[in-house]
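Shown next, in structure tokens, is the structure this report addresses.
Please treat every number below as a calculation from the coordinates, not as lab data. Computed from a predicted model, the values in this text were never measured in an experiment. Cβ atoms come from the backbone with ideal geometry, glycine included; neighbour counts cover every protein chain shown.
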Amino acid sequence: METIVLKFGGKALQDLPHLEKVADIISEKRNQFKKVIVVVSAMGKTTDDLLSTANRVSPNPPLRELDMLVSVGERVSMALLAIALDKRGISARSFTGSQAGIITTDEHSNAMIIDVRAQRILPYLDKGDVAIVAGFQGVSLQGEITTLGRGGSDTSAVALAIAFRAKKVEFYKDVQGIFSKDPKIDPSAELYSVLDYQEVLELINDEKVKVLHPRAIKLAEKNHIPLHVLTFREEGGSLGTTVLRGNHLPNERLLYERDI
């Protein structure tokens, strides 16, 4: 059994019933993989609500303080999910982006990942714990809390997959995979079973789909990390969409965003 990274966005964690469903998915994956790393976004519209509150306090809040504020959302998700897993008898340990060793540039609100120093996570994975990491955030070389910008949790998940040589990253969405168009607008949209990285980037650039963040796709392509987009919902039974390149052997040298 190998390592897998699971990424759950805000819609998958929008309330406690959804969070319980996510805990069930993780429980199933734990039986299939030796090491399970979970990356979470903030629940529902938490980040939007926090930003709105900040803008009511000041029309021009300092970016450093915004990062300190919005990074709270993912901390709530990771702690509640660890509690839900504990209820199921599954040992889990939550980590902020800085605790997980996600090292970034020093641009507040739009930092880039330059390294992952995940030594703190390793002992827990080795003993079978599920590691739950707050996405969208990290720490600069100067020790400042930073965030990666919108969609940053996708990039966090790929970066951790690179660091741990994971077999793949699974992204759990409210749609069954990647479609030719937005299926919520056009029900006739085609569901793709397999795409390569460039095909997904073209779909995103054409604004036909907004399922994955382009930074995450480019990072996965550079390191030949397979991606799997599927639904967290029970209905449909879709196998989702796999994104990869024909030869997806990992590079000998780990490449992060500064190398792209």
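Amide H of residue 112 versus every other amide H placed in the peptide plane: which residues, excluding those fewer than 5 positions away on the same chain, fall under 5 Å?
Those lying under 5 Å, H to H, from residue 112 are 105, 107.
Could you tell me which residue out of 227, 125, 82 lies farthest along the dipole of the chain toward its positive end? Charges go on the beta carbon: Lys and Arg +1, Asp and Glu -1, centred on the Cα centre.
125
Short version: ³J(HN,Hα) in whole Hz for each residue of segment 198-204, in order, from phi by Karplus 6.51 cos²θ - 1.76 cosθ + 1.60 (θ = phi - 60°), x for Gly and Pro, what are they?
Karplus values, whole Hz, x for Gly and Pro: 5, 5, 5, 4, 5, 4, 5.
If I stretch the segment between residue 55 and residue 142 completely, what's the gain in nm (0.36 nm per residue apart, minus their alpha carbon distance), one decimal?
Taking 0.36 nm per residue and subtracting the Cα distance, the gain is 28.7 nm.
Using the Cβ atoms and a cut-off under 13 Å, what net charge is assigned to the surroundings of residue 44, where Lys and Arg are +1 and Asp and Glu are -1?
Net charge in that neighbourhood comes out at -3.
Could you give me the ³J(HN,Hα) list for segment 169-178, computed from phi with Karplus coefficients 6.51, -1.76, 1.60 and θ = phi - 60°, whole Hz, x at Gly and Pro?
Taking θ as phi minus 60°, the curve returns 10, 9, 9, 9, 10, 8, 10, 7, x, 9 Hz for segment 169-178.
Which of the GluC sites (Glu not before Pro) found in segment 54-116 are in a DSSP loop and have at most 16 neighbouring Cβ atoms, other than their own, within 10 Å?
Taking segment 54-116 and a limit of 16 other Cβ atoms within 10 Å, the loop GluC sites (Glu not before Pro) found are 107.
Modelling each spin label as a point 7 Å along the Cα-to-Cβ direction, I'd like the residue 117/residue 48 distance in nm, to one decimal.
Using points 7 Å along Cα→Cβ, the separation is 3.7 nm.
Non-local amide H neighbours of residue 3 (under 5 Å, H modeled in plane, Pro and chain starts lacking H): which ones?
Residues meeting the amide H criterion: 35, 167.
I need the GluC sites (Glu not before Pro) found in segment 181-216, filtered to DSSP loop residues with at most 14 other beta carbons within 10 Å of theirs.
The qualifying sites are 190, 207.
Relative to the Cα centre, what is the charge dipole magnitude of segment 28-136, using +1 at the beta carbon of each Lys and Arg, -1 at the beta carbon of each Asp and Glu, and rounding to the nearest 20 debye?
Roughly 560 debye for segment 28-136.
I'd like to know which of 161, 185, 197 lies farthest towards the positive end of the charge dipole of segment 156-216, counting +1 on Cβ of Lys and Arg and -1 on Cβ of Asp and Glu.
Working it through, the farthest residue towards the positive pole turns out to be 161.
Ranked by Cβ crowding within 10 angstrom, fewest neighbours first, how are 26, 114, 37 ordered?
Exposure proxy ranking, most exposed first: 114, 26, 37.
Add +1 for every Lys or Arg and -1 for every Asp or Glu among the other residues with Cβ under 12 Å from the Cβ of residue 140, and state the total.
Combined, the nearby Lys, Arg, Asp and Glu give -4.
What dipole magnitude, in Debye to the nearest 20, does the chain give about its Cα centre under +1 on Lys/Arg Cβ and -1 on Asp/Glu Cβ?
Value, rounded to 20: 640 debye.
Over all directions, what mean area does the Cα convex hull of the chain project, stated in square nanometres?
13.9 nm²
List the residues, sorted by chain then number, that are 5 or more residues from residue 146 or on another chain and whose placed amide H is less than 5 Å from its amide H.
The list, which skips near neighbours in sequence, is 138, 139, 140.
Using just the C-alpha positions of segment 1-152 as equal point scatterers, what log10 of I(q)/I(0) does the Debye formula give at each q in 0.12, 0.21 1/Å?
With no solvent term, the Cα-only Debye profile gives -0.49, -1.29.
With loop defined by DSSP as not H, G, I, E or B, and exposure as at most 14 other Cβ atoms within 10 Å, which is the longest segment of the chain clear of exposed trypsin sites (Lys or Arg not before Pro)?
Value returned for the longest uninterrupted segment is 46-87.
Can you list the HN-Hα couplings for segment 103-119, worked out from phi with the Karplus curve (6.51, -1.76, 1.60; θ = phi - 60°), rounded to whole Hz and with x for Gly and Pro?
After applying 6.51 cos²θ - 1.76 cosθ + 1.60, I find 8, 10, 5, 9, 6, 5, 6, 7, 6, 10, 7, 10, 6, 10, 10, 9, 4 Hz.
Based on DSSP H runs of at least 4 residues, each adding -39500 (n - 2.57), what is the mean residue ellipticity at 222 nm of the chain after dividing by all its residues, to the nearest 500 deg cm²/dmol?
Taken over the chain, the calculation gives -10500 deg cm²/dmol.
Enumerate by residue number the chymotrypsin sites (Phe, Trp or Tyr not before Pro) in segment 100-169 meeting two conditions: DSSP loop (anything except H, G, I, E, B), and at most 14 other Cβ atoms within 10 Å of the site's Cβ.
Passing sites in segment 100-169 do not exist.
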